[in-house]
1. Going by the structure shown, is residue 360 in a strand (DSSP E or B) and under 21 Å from residue 434 (Cβ atoms)?
2. Give me the residue from segment 384-393 that is part of a loop (DSSP other than H, G, I, E, B) and open to solvent by 40 Å² or more (accessible area, probe 1.4 Å) and, out of that set, modelled with the highest pLDDT.
3. May I ask you to verify whether residue 597 is in a strand (DSSP E or B), open to solvent by 30 Å² or more (accessible area, probe 1.4 Å) and over 24 Å from residue 723 (Cα atoms)?
4. Can you name the condition, by its number, that residue 70 falls short on among (1) out of contact with any Lys or Arg (no Cβ under 8 Å at 6 or more places or on another chain); (2) in contact (Cβ under 8 Å) with a residue 12 or more places away in the chain?
5. When the residues of segment 607-627 are filtered to those that are under 19 Å from residue 597 (Cα atoms) and of a type outside the set (D, E, K, R), which remaining residue is surrounded by the most Cβ atoms within 10 Å (Cβ to Cβ)?
6. Taking segment 316-355 on its own, how many of its residues are of a type in the set (Phe, Trp, Tyr), more than 21 Å from residue 587 (Cβ to Cβ) and either touching a residue at least 24 places away in the same chain (Cβ under 8 Å) or in contact with a Lys or Arg (Cβ under 9 Å, 6 or more places away or on another chain) (or both)?
7. From the list 220, 265, exactly one residue is among the aliphatic types (A, V, I, L, M), within 29 Å of residue 171 (Cα to Cα) and either free of Cβ contacts under 8 Å to residues at least 12 places away in the same chain or part of a strand (DSSP E or B) (or both). Which is it?
8. Just checking, how many residues over segment 491-525 are assigned to a helix (DSSP H, G or I) and of a type in the set (A, V, I, L, M)?
Amino acid sequence: MNRILLAVAALWAGVALTDSAMAQAPGAPVSSDPQATGTMMAPEAAAQRPVLQILVRGNQRVEAATILSYVLVQPGEVPNPRLINLSIQTLFATNLFSDVDIAVDGGTMVVQVAENPIVNRVVLEGNRAVRDDRITDEIEMQPRAIFTRARVQADVRRILEVYRRAGRFAANVTPQIVELSQNRVDLIFEISEGPVTGVRRIAFVGNERFSERRLRGEIVTTEARWWRFFSSNDNYDPDRIEFDREQLREFYNDRGYADFRVTSVVAELTPDQRDFFVTFTMDEGQRYRFGDITVETAIEDLDTDFLESAVPTQPGDLYVGSRIEDSIETLTFAAGASGYAFVNISPRVSVNRDSQTVDITYVISESPRVYIERIDIVGNTRTLDRVIRREMDIVEGDAFNQALLNVSRSRVRRLGFFEDVEIEPFQGSQPDRARVQVRVTEQPTGELAFGAGFSSTDAFLIDFSISERNLRGRGQFLRLRVSASARREQIDIRFTEPRFLDRNLAAGFDLFTVRSDFSREASFETQSTGLSLRAGFPLTRSVQAGLNYTVRTDEVRTFSGVTESIQRAAGSRTTSLLGYSLNWNRVDDFVNPSNGFQIGFNQDFAGIGGDVRYVRSEVSGGVYRSVFRDDVVLSFTGTAGYLFSWGGDVARINDRFFKGGNSFRGFETAGIGPRVVRRGLDDDGNERLFAGDALGGNLYAIGAFELAFPLGLPEQYGVRSSLFTEFGTMGLLPGEDQITDDGTVGAVFTVDQLSPRASAGLSIFWDSPFGPVRFDFAHAFVKEDYDRGRFFRFSTMTGF
């Protein structure tokens, strides 16, 4: 069969002979050129003489019988020049031989071959930036493979493609061959890697609704910076650029821009030939809302009114492209619940530019009953199969469903372990069977990070962490972090198993030791060492729940001269704490929300063992809305908490709430709430209160209105700002820690008033070349005399 196929292939290659091309000297060998169309022409007497025997010469590894199986002339037949040339073509097509000659001498036909060498080993030299396995996985030449120059040249192109994806467009590959005995060769690829071709500048043309800074945050490619030596995303990679185009399309589609398209992406080499300028040209189009949403189906048993009510989008909602896939998934499950697991749902989209609405019609038709026979996962050289399979919404034996395959692809991509994910169905062993192939490309998941910063509160800050997001290919997260500042030192180890027991349950633990210095605020410092166990799981698509248990030892050290309310907390105690949390998040962007809301509630119970007993409850929330334009966002955020002790215990100072600083701009850290004060006289002889140590409170409530907007400076400066006003209160000091006022000058006592506080100001954010910088200018216009205000604060952090 192989001989027939190769013969047919050779015939298709153009083996066409003419009578004039057949004339040559008697007994002359046939040309060994596989592209030749001529052959020998024996004298008339020889042409009529049949071949009595066929001899094979020159073969070393290939059996003579194997070679003869490709020869189309058999003993007893009259040699036909056309068949002889076709035999030569067929032998060359096997890639086993570098040269083939066929000669007829009387009744003997001699097949003379020269075998291609066998590759003894493949050696890579000069590859320092790219690991050996990344190259050997791409090339075809392997030890014990048949050597051909065509395959070598193809592998050279593959190696250059690997370096192109790594951002090294100046790479050069030179193959070298070392001949060995027994017709073997060593193949050496000498690689000159050349410099990394980075991305010096990313520009956007046509973006009116979103700033360049915002769009750069949505794509994977980043601009080259000297401190990003642990990242390769600032290297120019055409494949990554194509992925960025898709990221931009999804970003705009999810914000109402149904007509958005990237019209072109231009990459230009800089004059020094070392970097690229990348320019995305786009057409944003109009912003749309959902119009009429209907369901059509020819299946009589399906109730269209019920299906339309199940669609999560409603007319008048902002158009969000990803919600169409969510709606298809919902309708698929709804149809399945009605007894129709084999349905095909196609959205028919109609864009109404005049009314700026998008009508969606979901057409449901009954599809052939096809089942998943097998799911193959390829390309996962490091990640275990089960890590990928547990993200799939479909398994072997399920009904084939393209919508669920699309959702599965998105979920696998969200893991962040792979550069690329493709899911492709194939025909199975039977017409009603399908085979699904999941093809992934691994990417590095380890990270080594250094950070340095400065703030008006903590002075200098140094941070070091090493993390792995895909530990041992099991999808687990592990991080070791060490940070230190003038007022805080911390070492912690965090481990997370995202699918505990292969269920949609994230579980993990934290080991930590933290030293905190509160001498400036309350004349004490703490050393906490402990262990936390935690678990989190989704209740719905937007609601998350969590459980946690913490056991820790807190040692409080106080300074001389402190009041009894602080001294009472001194010593070492063990806290055993069990808590839970609920979070409802419907914002459009977790990092920089512009529309939507979020609500969170968490509660901790201390006293399941240990030395302290209290219940701590906190609630937080926020509402965000873009006004005037998309980059102008008005928000209201708020948070409140309450702590009460039980079992005769009294909450110590280190367990209470402290607010101010970043949590209440316009005040110092721990600048509001109950405090030790001293009555004295000022320079004019007037009586006043002088603030002492903060004592914290058992109740607080803080809210804020904020309007974020661009300053109008060029985008490359990365400067934005916000106007804000914050208001709130804090108090409820335990009676055991209160000190009464005797009314005399020089008296030391405590104040605890749940009086309102308020501040207003301006914040400026700068994405500097060395990391984000924040400046806060705030004035507390409603406060108590003993509160500690702060008009200006700033902080910065640089990552390496």
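1. no
2. If we filter segment 384-393 for residues that are part of a loop (DSSP other than H, G, I, E, B), which is where we start, we get 384, 390-393.
Of the ones still in play, those that are also open to solvent by 40 Å² or more (accessible area, probe 1.4 Å) are 384, 393.
Details: 384: 91, 393: 84.
So, considering only residues that are part of a loop (DSSP other than H, G, I, E, B) and open to solvent by 40 Å² or more (accessible area, probe 1.4 Å), the one modelled with the highest pLDDT is 384.
3. Judged against the criteria, residue 597 is not a match.
4. The number of the failed condition is (1).
5. The extreme case among them is 624.
6. 2
7. Details: 220 fails: either free of Cβ contacts under 8 Å to residues at least 12 places away in the same chain or part of a strand (DSSP E or B) (or both).
Among 220, 265, only 265 is among the aliphatic types (A, V, I, L, M), within 29 Å of residue 171 (Cα to Cα) and either free of Cβ contacts under 8 Å to residues at least 12 places away in the same chain or part of a strand (DSSP E or B) (or both).
8. Let us first name the residues in segment 491-525 that are assigned to a helix (DSSP H, G or I), namely 500-502, 519-522.
From what is left, the residues that are of a type in the set (A, V, I, L, M) are 501, 522.
Selection size over segment 491-525: 2.
The values are calculated or read from the model by the stated rules, or taken from the named source; none is laboratory data. Computed from a predicted structure; not experimentally measured. Neighbour counts run over all protein chains shown; Cβ positions are idealised from the backbone, glycine included. Note: accessible area is taken over every heavy atom of the protein model, side chains too, but ligands, DNA and RNA are not part of it. Shrake-Rupley method; radii C 1.70, N 1.55, O 1.52, S 1.80 Å.
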